[in-house]
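First the structure, in the form of structure tokens, and then the observations on it.
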Amino acid sequence: MPGETVPGSAGIPCHDGDASAPEGSPATSAALEFLLLGPVRVVRDGVEQPAGPPQQRALLATLLLHEGHPVGVSELVDSLWGEDPPLRAVAALRTYASRLRRLLAPRSEVLVSEAGGYALRPGPGDRVDLAVLDELCARAERASLEGDAALAHRLYGRALDLWDGEALAGVPGPAAETHRNRLAERRLVLRELHLCAALECGLHAESVSDLTALTSSHPMRETLRELLMLALYRCGRQGEALAVYTDTRRVLDEELGVEPRAELRELHRRILSADPTLDPAPAPAARESPA
């Protein structure tokens, strides 16, 4: 709706994503922002541009996910429609590509015809939220390896803030579904890493509710159960931590016929013996995150 703000766009109001730009309005060469971690959107100078119907947004997303590499027409047809494409799928694809070029104008170098297909290459001043995600995760991993849990926690939090609901929301086609599932798994792993860093920072009580909710949603996820047990134990709730392990054994036995993994069994043993090495270490002073 008019006045809506776009995440990652410094709170600048944007137009409705389905509204048509005024005919004949002057195009600008301002930096472009491509958003995939939610509804697929294009933002120019803080203003959301009309990215078109679902298949057109699927074409845009597919090209962005190939990170500048050309994608052949037949692969694009398969990505957008799967095994049952319309009779004039190639013509429709060319129409969507033409409309995307108009959307991106005058930046004609961004979307090019190449190698019997298309490639989309954002410029140096442009922003793709997936590329920002990769950068933040790499920095967070370095901070974690260097022992700066507070910095890692902040950077993982910033990475998670890039999501605006389900990735590629509303985008049709089998390729989008595959990428949607992959990104959903990546988001869950990031939440685990964020919570792991939180425990290293001493945020045990603050993490229990999130870990309880995530464990309920993903009962087979042993990493989440391990983090929940540790958070509860560090909050002085030893009995509840042991109860999580008992429930884990039951679920894994009923669903998979297996025992908890060795790391979880070892944590259970250490909680039973009140191992002092489970107590949190004093957190070092965090470095400032570079801009």
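The values are calculated or read from the model by the stated rules, or taken from the named source; none is laboratory data. Everything numeric here is computed off the predicted structure, so don't read it as measured data. Here Cβ is always computed from backbone atoms with ideal geometry, including for glycine, and neighbour counts include all displayed protein chains. Please note that ligands, DNA and RNA were not included when accessible areas were found on the heavy atoms of the full protein model with its side chains. Shrake-Rupley method; radii C 1.70, N 1.55, O 1.52, S 1.80 Å.
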Number of the exception - Arg180 against (1) under 18 Å from the mean Cα position of the chain (by Cα); (2) under 27 Å from His66 (Cβ atoms); (3) touching a residue at least 24 places away in the same chain (Cβ under 8 Å) = (3)
Applying the selection to the stretch 261-274, what residues are farther than 19 Å from Cys196 by Cα and open to solvent by less than 60 Å² (accessible area, probe 1.4 Å)?
-> Ala274
Top-ranked residue in the stretch 100-131 [being within 27 Å of the chain's Cα centre (by Cα) and among the acidic types (Asp, Glu); ranked as surrounded by the most Cβ atoms within 10 Å (Cβ to Cβ)] | Asp129
Only one of Glu109, Glu83 is farther than 30 Å from Cys201 by Cβ and in contact (Cβ under 8 Å) with a residue 12 or more places away in the chain, namely Glu109
Could you tell me whether the stretch 155-164 includes any residue that is at pLDDT below 95 and assigned to a loop (DSSP other than H, G, I, E, B)?
-> no
Which number in (1) touching a helix residue (DSSP H, G or I) at 6+ places or on another chain (Cβ under 9 Å); (2) within 19 Å of Phe34 (Cα to Cα); (3) without any contact (Cβ under 8 Å) to a residue 24 or more places away in the chain marks the one condition that Leu168 misses?
-> (3)
Quickly run through the stretch 202-218 and pick out the residues that are open to solvent by 40 Å² or more (accessible area, probe 1.4 Å) and not β-branched (Val, Ile, Thr).
-> Leu203, Ala205, Glu206, Ser209, Asp210, Ala213, Ser216, Ser217, His218
Checking Pro172 against (1) assigned to a helix (DSSP H, G or I); (2) touching a Pro at 6+ places or on another chain (Cβ under 6 Å), which test does it fail?
-> (1)
Of the residues in the stretch 46-67, those that are more than 15 Å from Ser98 (Cβ to Cβ) and in contact with a strand residue (DSSP E or B) (Cβ under 6 Å, 6 or more places away or on another chain) number 4
Just one listed residue, out of Asp134, Asp78, Asp84, is touching a helix residue (DSSP H, G or I) at 6+ places or on another chain (Cβ under 8 Å), under 23 Å from Thr178 (Cα atoms) and open to solvent by 50 Å² or more (accessible area, probe 1.4 Å), and it is Asp78
Answer residue from the stretch 219-246, given it is touching a His at 6+ places or on another chain (Cβ under 9 Å) and in contact (Cβ under 8 Å) with a residue 40 or more places away in the chain and is surrounded by the fewest Cβ atoms within 10 Å (Cβ to Cβ) among those | Arg234
Of all the residues that make up the stretch 69-111, how many are modelled with pLDDT of 90 or more, out of contact with any Leu (no Cβ under 9 Å at 6 or more places or on another chain) and among the charged types (D, E, K, R)?
-> 6
Being of a type in the set (Gly, Ala, Ser), farther than 29 Å from Gln238 by Cα, in contact with a strand residue (DSSP E or B) (Cβ under 9 Å, 6 or more places away or on another chain) and open to solvent by less than 50 Å² (accessible area, probe 1.4 Å), is that true of even one residue in the stretch 161-169?
-> yes
